[in-house]
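Only one structure is covered here, and it is reproduced in the block below.
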Amino acid sequence: FSWGRFRKIILKMFPVLNWLFSYRFREWILRDLLAGLSVGMFQIPQGLLGVWLTRLPLPNINGFLSAFCCSMTYVIFGTSHHISIGSFSILNVVVTDILKTLSFNQTLSSNGSLDNFSDPTFIKDYMEALMLNASITFLTGIIQLLLGCFCLGFVTTYVPKTLIDAYLAAAALHVIVSQFSFIFDVILDFHKGPLNIFYNVFNFFLALPKANATSILLFLLSMAALRLNTSVMISYKHSSIAFPMELLLIITATIISNRIHLHAESSSALVSMLPQRFLPPTLPDLSHLSNIILHAFFLALLSYFLLVFVGERYASLHNYNIAGNQELVAVGLCNICSSFFKSFVVSSAISGTVIQEKTGGRTQLAAAIGASMMLVIALKLGRFFQMIPNGILAAIVVFNMLPFLEKIPDVPILWRRDKYHFVIWLVTFAAVLCFGLDVGLVIAMGFTFFIITVRSHRMKMVVLGQIPNMNIYRSLSIYRAAREIEGIKIFQCCSSISFANVNHFKTYLLHKMDMKAVPLDESEMRALTSLSLSDAAEERRGLKCSCVCDPPLPPPRIPYREKLVKRRHADSDSSSSSVNLVHWSKYGDKLSSRTLLVGAADAQCAPPGINTGLRTEKNEDEGRTAGLSPGSAIDNSSVQLDQEEQPMYLPCPVHTIILDFSMVQFVDLIGSELLRQIIHMFHNTGITVLIAACHSSVIADFEKNDFFDSCVTKERFFLTLHDAVLAALDKHQKLDKLEPTAEESAEEPPAEQQKVFSLTFM
């Protein structure tokens, strides 16, 4: 324990202390005051209009008290400087849809009239709906709080910015369509299910003959005023803030509407029918827990991601970070507070957030001022705001949604920059637009994780060459100055190796080496198995006794199950006279890597001076295959050449393969196993595989995966790529000095001292 750690924990639990202790009073107070007044004045009529969309008449006092408590809770526990917490209309519609699926009898008919509250049956249904709504909100908050306590907010780190932009753009379109009821002054039942936004737009256009012309005119005039306001800026402390046109519109509309009858629909008619008494806070009823827990879980995710997406947008604009886990805790506490007042699930109030940011809000003090102003004015002067025409409020909401649509024209540019992100944007936007915010979010997140998985595991390999006279190695396809070293192939692996891409890794290597892997036949597999068993018996030679109760020994590990053949002859008939056979000879412990036995078809183009007098292997040598070392090839795979074919020696083009693992972060179990087999297969053809610049964590993965054996040792690993190149050249030069001449090859060592590595090329 230390005071520094205690202070760090307190600041993490209560983010309000971070900006409160560093608050620049002279620079920020007027900004926050102006932003708070604008947000608070907008929240009053906006809260009154919420009943139109939700069709659940919550008493005004409960709604305003819930908004105040949630705002103050987020001020204390939230990490975003610009989020305005509150109910979100689309979330409220989702909740009412859930209530309808649970056999809730809706109380608001399509024409906007309210049933008689004196009816006992109606009152019973009404109270049951409010209690069930409170239970859903409470359970949503509990789920968010638990997710935050278990630090599951890290999921947002895997969400790309393109998904956030696409999601918010589609959500903005949903909000705009939901405002058509206020713009046209026509109340319709919203279509539910896939493609609901298109059905709703179509139904509203069919209802245009019934639209209120005055409401449409007020909407257009308000939009024009807000558009002109973008060219009016206020300079304060060497920075510019937008003129608070929303505040001016609300005040002006309130004064005019209370003096003149504008013949446009307002919230006064609806509010007059709502119960005015305050419903005291009560604990939620969890008797329907089994029916609502799944809905609450999806609402918890939807509320959280909407909050984080909006918060991330403005955090990036103002160069600060938000904490995902702390946001889960904050919004969870806000929903728990909201449930006590029987209110809806809360999240980021997008319109209020936009107003708070563009009017100069710098900290959550603006939200605290706005919530206080909203509560005081709503309780004392709320009746005056009931007369504001709905078309003016709809104009404010629609105009504040437009910034989220500004990046749609830039989507074609995204195609040229990054096709993966373009696809993510397109799928997210289409899914949210067609299936709604909840199902669309699931589709978008699932598709994004799929793309991230595919992209991170997609193998990218590069062939490297050396910059002359330097220890620098670059891609041969990009750098013209890079030159390939004779006899050495250098491959750079630009991603981690796992089960998802290891086959592509193998295919790429074999393609560049002009080889193909074919399965071993039964005789070769039996020889390898017997060889492994003999090695295991050799290790257990010193064992004197054993117990029958000991666990059985594991089956012998087969070092490889395939052999390499030349790709250009892989599909030809094995009985063809043009069969090529790679013939590697091992003298004692020194491996010759420069002899290639070819058929008569290739002998015709052989250069002069090459001795072609090497004899072929005899069938009686096949019995000695069981005694070969684990890294040697199986003589059974040799093909008997025709009598008229004369073998000849040609220089081997590649004697060493170097794998640059400087960009490899991990190698899983399947990748380790196949990589070990690849090394064995190349070793059997006389090609040495070296690994360079491998991180210590990757070597630790190899050790845990039982990667190393008698053939694949740590001697193949080098600290740098240049070290591996020097070692390969040095080893090859030493082997050149030890190789026999053409005359010496006629006098081969005795059969018991010679080990022949042969590989058939079909």
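Values computed for the structure shown
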item	result
Cut-off 18 Å, label 7 Å out along Cα→Cβ of ASP723, residues of segment 698-712 by amide N	698-703
Loop chymotrypsin sites (Phe, Trp or Tyr not before Pro), segment 453-503, which have at most 16 other Cβ atoms in a 10 Å radius of their Cβ (DSSP)	TYR479, PHE499
Accessible-area composition of segment 354-512, carbon plus sulfur, in percent [1.4 Å probe]	62 percent
Cβ-placed point charges (K, R +1; D, E -1), dipole of segment 119-215 about Cα centre in debye, nearest 20	240 debye
Residue-span extension gain [PHE1 to HIS457] - 0.36 nm each, minus C-alpha spacing	159.9 nm
Net +/- balance of residues flanking PHE1 in space, Cβ distance below 14 Å, scoring K and R +1, D and E -1	+3
LYS563 long-range amide H proximity, modeled H, under 5 Å	VAL518, LEU520
Solvent-accessible heavy-atom area per residue, rounded to whole Å², over segment 122-263 at 1.4 Å	49 Å²
In nm, spacing of pseudo-spin labels at PHE499 and VAL376 (7 Å Cα→C-beta vector)	6.4 nm
Added length on full extension, which subtracts the Cα-Cα distance from 0.36 nm per residue, MET233 to ILE443	71.5 nm
15 Å beta-carbon shell around LEU220, net charge (K/R +1, D/E -1)	0
When the convex hull of its Cα atoms is projected in every direction, mean area for segment 269-419 (nm²)	13.2 nm²
Of all accessible heavy-atom area on segment 149-265, the percent that carbon and sulfur account for (1.4 Å)	71 percent
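The values are calculated or read from the model by the stated rules, or taken from the named source; none is laboratory data. Predicted model only: the values in this text are computed from it and were never measured. Positions of Cβ are generated from backbone atoms using ideal geometry, with glycine treated the same way; all protein chains shown enter the neighbour counts. Just so you know, the surface numbers come from the protein's heavy atoms only, side chains and all, with ligands and any DNA or RNA stripped out. Shrake-Rupley method; radii C 1.70, N 1.55, O 1.52, S 1.80 Å.
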